[in-house]
């Protein structure tokens, strides 16, 4: 039945071909997206060839094992995927705004949209963005030279890119699942969706998920084993504490997803009966496994965002974080509790009231440590000197909107309410309300905050403010009306509706969607304007915000080895104390050789092979699946036979680079915080107030 | 969309939101029975309690940001102040107390409103069996021997005991104005009780996405006086057709109520509604047990599956 | 990190020099990987237990129709012995008995691993014969999701032993080879532990009246 060479891939798999045969608006939009992917890829390839960037791209980026470059690549991937996710979201809002008895998209196209939108936003925007920020920032904050396992880090990135690539390819070849981001069987089983859609979901999730588990191991080991001398656990910046919690969740919560997806694959490919209707299968096992992953997942996303807000609020208030120990306890409690609440995603399964009550109370309990964190941030602002920079605008939006999300979260934690609003737009509004103001605003705040560290120039302030305000206002217009519609009983995932009274709210939501589109445009423009004005915005001396932790004590962008000499940490907020006590920017007595890992192509090999393998599995091209898996395994094993995998940077070179930078720091004028967003800011900060010696404690 | 259009829509939309003027009887905010009323009360109570923790944030954020703005030289600046015992107690204590109060409430109401419990009523309860099909609901009245599609009629002030399953993928059954939703799953039976205080028509729906016809999977839950209900039963017996194994096989195909009407030649009925005067055998239990008896259910015998072919399915049943 | 807090059970003796430093990070990382893998097994076990009942068996064959306890017992003994022989290999590594001795014990372990896999495959063939196939019921799906997953791990362990034998021959006992042997040991004992759970829960539990 299937071709031995091409499997089930044929001409009708091409979405462009389908549009040619049935030129309806819905198919044309699909084909347009496919053409955008193809033309975008071709244009990128052509551009790279035209400006001769292939060499640098390969040498400096794709084969790099530097945590900083890997982090930047993660963030770039996330921002590209964010563009697709937002466009899909706006398309869905448009469909629903016109969806009284119809709309312009076919129901199948609409359900593909909500499935890819959810999958992309969670797995290929939020996750890589978080992995990127952690990758970039965490080793710098703990005073490490790199991740504990730099090559594994590269492989994690490769696997994440594979997942994203598969979702992008599904626009061109075949179609994606229509089962939503959770992909519940039996609807996604072979009986009900025999096409390649759910298989795309399975393989993109499984491959990216393995990458995330490896990332979690890497982050945890890095924090446990690679901290600089004197960097005790309780001297780490709060962001690093949130990374510990997130990596624990990555290590323990990703396996349920992998197991659930592979069981679904066994059902679909090998006629197993894990989740089928007949022969003793049980779909509720899938639902349990999925949410055993899915709930910790949302905390995996939001906890590092809490960490970013902690750094941002403390820095821009010019003050130590209030209640450090409370923050640590609260973060840890959230991480632990996140594993105890998964059942609140299906209170309506028909289980006993006792079980529902237990999980409801556990879910509500998370509100306590979350509340503590919010109050701690407010207490950090209290008696500080606050600069309303772009990250602080995001933080303000976060305070307002996130507590609304928390309020509706407490409502949804109550089974009695969940019975009513489960599966409605109320739920959609709630999780967007925690993920956008929580996760996305946190990450965008971090993007503004650490961008000058990564590239040596600040982002344009005006466009940043515009983007932040548009995000906040756009979010409110888009999602607050959905609460109302949900209370009125409008189910999620509806391509159309029959109640005309829903229409005004859906129009309002569409208006909000347009604002979000404008916010995305502003972010892109801001990047463009900032790159063009990079000379005026340059902050090469490394400390544009009067930062408090170690990453600000080195040049921007930092050298490959991060620290000329590993810092000796004496205090929490060590760099702030060092600046105050005058020990910052000291020249070390001796410089030492530094051994750094060599670049390697293994991550790219894994990425290309696993993408081919995923595609081959989706389209039943068995020979290609075996071949690409074989190449991948042989390359990985082959690499272990090599022992000459690092190089040494001589002490003399490090000394020269470091001394030159120190000389520029000393020569540069320190600027006060009023000049923070002006061209005078070159990255040398004036202390906020004079300190008496030893006044730090 | 132009700015002028937006400015025309906005005030109207806001007014609508504030007055809550939507189709009446579709939401638990305009409850038609004791369960939905209790759920609405619960919603408002949670709202009130959490405000104790949330309002301070709303008030403090602008106050603090203004008071401690960088240029305000009058405000105190204590860069190293980072703990306070009183604040710690308040920060942990207040949310904790609220959560404890809400937990006690949650425990009580979760048990009190457990959907498997019959509802208090002087009238004898009515049993209805609900089968979710792609993209319509089949209601079987085992004690009356009739069945309907997309029309659930019942007498007021009567506890209606619903047994639910599906003959396709998972669905979720919700009549918002009467009670919360419950999943319907193949090979499994879930239970829900509803009761309406007064006659009226309430919208029911499936909230679990199940394919292209999903938005059309809606029905009317009609509460009526005992006399009207008897008349309705008589009418179903009069204008309905028998529900046989063969007609069920056609009904179970993936189709909306309107499509099913055409398939079974019942175009004269209300939109999407079908009536069945008799039901052959114990249909609900044969559907339920079909998945549990250890026989494979191939796609040709699986309603909703790609390749469902009722003609060949007859032999495998 | 300083030498004072090395795990005595894991690290090589004091004479192994730079292998210590490497072991600190990579062995810790491998423990964490094993924890993650343990979660996978735990979930597959849990799924198995939810369908180890008449409903899950869907009228198909049950454990009593398909399990051969004698063969399972032999497999258990073989796998436990292989853990012992791997232990001897680790001791030989620790006390620097030389490549030949280490390779010898590893070779014995590899043979035992292969013997285990052979017997397991024979059992699987028997199960297929009596119709205890994953296509038959949810119960057998879960069984075939669990036990062969362990078998796959054992096969990967065997491949790893073969790779390490080659590396010892080509690279000698350099620090990276030593720390890889340490991790391989953890992996191998971990598989033993999983098998003990499979033996107790799946086989003994399945055959209990």
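Summary of values
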read-out: Helix axis angle, A:197-225 relative to chain A longest principal axis, alpha carbon, degrees; value: 20
read-out: Cα centroid separation - segment A:379-415 against segment A:104-127, whole Å; value: 28
read-out: Segment B:126-316: C-alpha pair distances exceeding 28 Å, %; value: 18
read-out: Simple label model, 7 Å out from Cα along Cβ direction - residue A:20 to residue A:651, nm; value: 6.8
read-out: Using a Förster distance of 45 Å, the FRET efficiency for residue A:5-residue A:47 (Cβ separation, nearest 0.05); value: 0.85
read-out: Spatial separation of Cα centroids for segment A:558-576 and segment A:466-533, in angstrom; value: 42
read-out: Modelled label reach - residue C:101, point 7 Å along Cα→Cβ, segment C:54-86 residues with backbone N closer than 16 Å; value: C:85-86
read-out: In degrees, nearest ten, helix A:622-639 long axis to first principal axis of chain A (Cα); value: 20
read-out: Averaged over C:126-136, number of beta-carbon atoms from partner chains that fall within 10 Å; value: 2
read-out: Rounded to 5, the percent of DSSP beta bridges in segment B:126-316 classed as antiparallel; value: 65
read-out: Sites residue C:35 and residue B:245 - FRET efficiency at Förster radius 60 Å, r taken between beta-carbons, to 0.05; value: 0.65
read-out: Inter-centroid distance (Cα atoms) of segment C:24-56 relative to segment A:242-303, Å; value: 12
read-out: Net length gained if the chain between residue A:528 and residue A:352 were fully extended (0.36 nm per residue, minus Cα distance); value: 57.7 nm
read-out: Peptides ranked, highest mean first, by Cβ atoms within 10 Å: ranges A:674-683, A:493-502; value: A:493-502, A:674-683
read-out: Candidates C:28, C:45, C:190, ranked by Gaussian network fluctuation over chain C, Cα under 10 Å, top entry; value: C:28
read-out: Segment A:297-452: translational diffusion in µm²/s, Stokes-Einstein, Kirkwood Rh over Cα pairs, 20 °C, 1.002 mPa s; value: 132
read-out: Point-to-point label distance, residue C:18-residue A:76, nm (Cα→Cβ direction, 7 Å offset); value: 3.3
read-out: Partner chain coverage, peptide A:355-363 - average Cβ within 10 angstrom; value: 4
read-out: Whole-number D in µm²/s for segment A:419-518 (Stokes-Einstein; Kirkwood sum over Cα pairs; 4 °C, 1.567 mPa s); value: 87
read-out: Directionally averaged shadow of segment B:25-112, computed from the convex hull of its alpha-carbon atoms, nm²; value: 8.7
read-out: FRET efficiency, 1/(1 + (r/R0)^6) with R0 25 Å, evaluated for residue A:686 and residue B:69 via beta carbons; value: 0.85
read-out: Principal axis box of the protein assembly as shown, alpha-carbon based, largest edge first, Å; value: 101, 80, 61
read-out: Computed [θ] at 222 nm, deg cm²/dmol, chain B (DSSP H ≥ 4; -39,500 (n - 2.57); rounded to nearest 500); value: -12500 deg cm²/dmol
read-out: Cα-based Rg and Dmax for chain A, where Dmax is the largest Cα-Cα distance (Å); value: 25.4, 83
read-out: Helical mean residue ellipticity (222 nm; -39500 (n - 2.57) per DSSP H run of 4+; nearest 500) of chain A; value: -21000 deg cm²/dmol
read-out: Nitroxide proxy distance, nm - points 7 Å out along Cα→Cβ at residue B:104 and residue C:91; value: 6.3
read-out: For residues of B:104-115, the mean tally of beta carbons on other chains within 10 Å; value: 6
read-out: Relative packing of A:439-451, B:256-268, A:470-482, which averages over residues the other C-beta atoms within 10 Å, highest first; value: A:439-451, A:470-482, B:256-268
read-out: Linear extension gain, residue A:36 paired with residue A:631, 0.36 nm per residue minus alpha-carbon span; value: 211.1 nm
read-out: Viscosity 1.002 mPa s, temperature 20 °C, Stokes-Einstein D of chain C from Kirkwood C-alpha radius, µm²/s; value: 116
read-out: Length added when fully stretched, residue A:622-residue A:325, from 0.36 nm per residue minus Cα-Cα; value: 101.5 nm
read-out: Chain C, helix-only ellipticity at 222 nm - DSSP H runs n ≥ 4, -39,500 (n - 2.57), divided by all residues, nearest 500; value: -26000 deg cm²/dmol
read-out: Between helix C:99-129 and chain C: long-axis angle, C-alpha atoms, 0 to 90°, nearest 10; value: 10
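Computed from the coordinates by the stated procedures, all read-outs in this text should not be read as laboratory data. This one's a predicted model, so the numbers in the text were calculated from it and none came from an experiment. Positions of Cβ are backbone-derived with ideal geometry, glycine not excepted, and every protein chain shown enters the neighbour counts.
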